[in-house]
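The values are calculated or read from the model by the stated rules, or taken from the named source; none is laboratory data. These numbers come from a predicted model, not from an experiment. Positions of Cβ are generated from backbone atoms using ideal geometry, with glycine treated the same way; all protein chains shown enter the neighbour counts. Accessible surface areas use protein heavy atoms only, side chains included; no ligands, DNA or RNA. Shrake-Rupley method; radii C 1.70, N 1.55, O 1.52, S 1.80 Å.
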Amino acid sequence: MAASAATGSTGRSGTQADGDASILASKITVPSLPAWAVPRPRLGRLIAGGIRGPLTALIGPPGAGKTLAMAAWAASQPLGPVAWVTLDEFDNKPRVLWGHVTAALRRAGVPVPHAAWAAPVDSMDHEFLVRLASVLAAAEPPVVLVLDDIHVLTGRTALQGLSYLMRNARPGLRVMVASRIDPLLPLHRFRLAGELTEIRADALAFSVPESGLLMAQHGVALPQDSLEGLTTRAEGWAAGLRLAAISMHEHPDPEQFVKEFVAEDSPVVGYLVEEVLNAHPPRIRDLLLRTSILDSFDADVADELTDGHTGHDLPGLVRANAFVLPAGSGRYRYHSLFAEVLRLKLRHERPGLVPELHRRAAGWYQRNGSLTQAVRHAAAAGDWQLAARIVVGELAVGQLTRARGDDPLAHEFARMPIARTWTRPEPLLVAAALAPAEGDHGTWLHAAESMLSDLPVPEAVPARLAAAQVRFAVACRTGDLEALAAAAAETGATLESVPAGVRAQCPWIDAQALSARGTAELWSGHLGEAAATFEAAVAALPASGGTQERTACLGYLALADALRGRLNRAAGDGERLSAPISPAAHVALAAVHVERNELRQAHGELKRAEEALRLYPDRMIGTVACVVAARKALGERHPDGANEIVRKARQCGPLPHWLERRLDILESRACAAAGDATSALDAVGRADPASLEVAVTQAHAWLAGEDPKAAKRSLAGHRDRTEAVPDHVRLEAWLAAARISYGNGDRADGRRSLQRALRLGEPERLRLAFVLERTWLRRVLRADPDLAHVYRDLLEPDLVSSAREPAQGPGTSPDVPVMLEPLSSRELEVLRHAAEMLDTTEIAAMLFISVNTVKSHLKSIYRKLAVTHRGEAVRRARQLRILGPGR
């Protein structure tokens, strides 16, 4: 028999080995490496590390490359002898198994004694195993016994004998096995003892570079993106990549082949159908085909689709490496290629069943609270009426009206056709909810509402609620305050008709109704009531989930707090948000930064708000953004820019009275800052004269006209006002009073008023009001350094430093440079923004001028300051006290 094996005979030898076992030489021969095999040193290192211990197991599905990996290692000239046995079902007879093992060992040069098998062919010969274990235990160097396809070894006696040998033939025996499933060996013992090396499918999978080498061996060149796509799609499965390489070698367009990898007549389909799918009994085959419509699944939904209790078969399929993979938390998925093949076979064999399976899946997911999955399967069935009925019935239309571009639920409706022949209102309601700002909401909404009376009451109530939510969303986009308030009220009233059980299953719906009411209160100018309502909406949301609704409510809450001067609360509301945040939140944070004179940060938030509003228009939020931007322009000493922003804000039609008043006040302040007292008085004259904020604005207008007596009359009685006035308004009143008193020479009253203003500004860090008064305030604080020092954390550095340090003019010190020519007001603005590290594009945007104009100003600044670049200009300006010290 030894002679037969040595000559590589592949037939049954007539010579007996050990007395009664015929030996096939092909079973004990290490497979030769094919010409297309590629080096995989990564796997070689794993195997080399594993065979230092008692047991190494390569476990993976058919075609994973297990045999080739072991053969490549064996061909790499290992230090010790290697005995190879390829197992088959006949090796479950102990005499056959051990006959091949001993023949392989002898072929590897191990001096195994020639002893006859004394027991019957199906029984254990303990004496034989003792002698064999004794010989192997003394082997030096250790011998590696390779058992390929060990999954076929299921006989209890054969497995017991192998386990006995592995326990007692140490240290001279190392075993390496390859299997499609976990072999029926005591793996747990080896694993607990740290004596098992497991190389499973993820390690056997080809990497992208390895796939590239395999393609090159077949003369196929693919672009990197196609190679990555192929490897990802095949999940590194060796047989799939090899079959692809063979097919592409003759294909006229390899890149196109990658896109059409799984086709009815492709080799990979044939392999997976014959080697995997058809290897299962009919019941399991049916389970695989029916559940292939799911991306991932658990046993319960599998039972739903198979009309039975086949879900319990799934763990066994995973253990069998049947291309069924665990997906975590009791869920499963199919290997990507196998999933495609299963869907192909399902469409081919039972095309009429596919829509029905998707409908059943939709129903199961709806019952189990997976709304997006339910809609996805209804859409896959082509049943858009069912998909829309699910969304309306689950009270989720409000979610669609706020959907962002990446919203998964909205994404599922992207392919829904808009048919004028819908027989139910739900698809039209969904279409109206998802329509862009300029879309045909009215037509679809009117058509849907005309059908509501035909619905039974249990279905009509959710549909009416959906219609109210769509009307509310449209009113937000257009700025129709009356329609918005009516839709918010109808949303709340209709929700009361929804059964308690349904509301309990949709915990976000109460928060949506509260949010609608809060929005109506906010745009009506009832800021305190709005903030309380949004707080209630946030509290109504469940602890987990509802992220979109929570983001919207917190954004509006932050805006309401910012508008009433509660900057700390607004900033805290913003900190509770997770990205991406809503347009309202961006505007609120911008307002906080503006009032704290953090103008660069405010600029960034306003830019983000602008981008968000382009995607999700909301006229009121856009107008408030203009208010914030105009305040920012005033802080940058750009009154003309502030007036231009106010003008643009008014172009879109009528606004709520309180917003109109804020725009009037801003216009007046901008005109006053520009020295146009007449226009300032005209603008503030349009506002409500009873308001303290209006009185302060009138005072500034009179001061711009150099009429401090009229300014004082405007502020008459402000100290005695008892009504609730926000601190930021009271601050500006005291600051205006301080300016008047200092101007009249009453320094004591001026100091008292200024102290009151500073104390009011401290809690919320309201810096902008003082920055707007920098012209006279700098002189006052220079003369009162103690007051400036007490409030140094609130005041800007240029105000505080000028109070503590005497001003130095040119020539005061030889180290202070001389300015060749004074800078213009616009050049000073450009220089201040340059000191904030803004680039020319950002400076141009903030000053409403062109980039070329900014560059011209910078050149003039360099000339006047006798410098050559921006950094030097900033340093020179600070030396000359043109700019405050850097932060």
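Structural remarks
- Förster-model FRET efficiency, 56 Å R0, GLN601 and ASN168, C-beta, rounded to 0.05: 0.15
- 17 Å tail of the calculated P(r), region 300-430, as % of Cα pairs: 66
- Calculated FRET efficiency, HIS348 to HIS114, Cβ-Cβ distance, R0 = 45 Å: about 0.20 to the nearest 0.05.
- 0 to 90° range, to nearest 10: angle between helix 126-137 axis and the chain longest Cα axis: 60
- Given [x] 29.4; [y] 32.9; [z] 34.7, the label whose value is Kirkwood radius over Cα pairs in Å derived from this model: [z]
- Charge tally for LEU173 (other residues, Cβ to Cβ under 12 Å; Lys, Arg +1; Asp, Glu -1): +2.
- Label-to-label distance for ALA35 and ALA500 is 8.0 nm, based on points extended 7 Å past Cα in the beta-carbon direction.
- Fraction of beta bridges assigned by DSSP in the chain that are antiparallel (%, nearest 5): 25
- Distance violations [Cα-Cα > 29 Å] among LYS66/LYS259; LYS648/LYS855; LYS259/LYS607; LYS607/LYS855; LYS259/LYS345: LYS259/LYS607
- Nonpolar atom fraction for the chain, defined as the carbon and sulfur part of the 1.4 Å probe accessible area, stands at 53 percent.
- 222 nm mean residue ellipticity, helices alone, for the chain (DSSP H n ≥ 4; -39,500 (n - 2.57); rounded to 500): -18000 deg cm²/dmol
- Length released on extending from ASP298 to THR853, taking residue separation times 0.36 nm less the Cα-Cα span: 193.3 nm
- Simple spin-label estimate for SER824 and ARG367 gives 7.7 nm between the two label positions (7 Å along the Cα-to-Cβ direction from each Cα).
- The chain: angle of helix 774-783 to the longest principal axis, Cα-based, in degrees nearest 10: 80
- Rounded tilt (10° steps) of 870-879 against the dominant C-alpha axis of the chain: 40
- Rounded Å value of the spacing that divides the Cα centres of region 827-860 and region 198-266: 55
- Dipole of region 262-390, positive end: most advanced residue of LEU346, TYR334, SER296 [Cβ charges, Cα centre]: SER296
- Whole-angstrom gap from region 353-409 to region 721-776, using each part's C-alpha centre: 58
- Looking at the chain, the accessible area is 43 square angstrom per residue; that uses a 1.4 Å probe and ignores ligands, DNA and RNA.
- Prolate/oblate/rounded call for region 545-627, Cα gyration tensor, a/c under 1.5 rounded: oblate
- Three-way shape label, region 501-587, alpha-carbon gyration tensor, a/c 1.5: oblate
- Computed from the C-beta positions of ALA203 and GLN385, the FRET efficiency with R₀ = 56 Å rounds to 0.70.
- Between the C-alpha center of region 435-498 and that of region 570-649 there is a gap of 30 Å.
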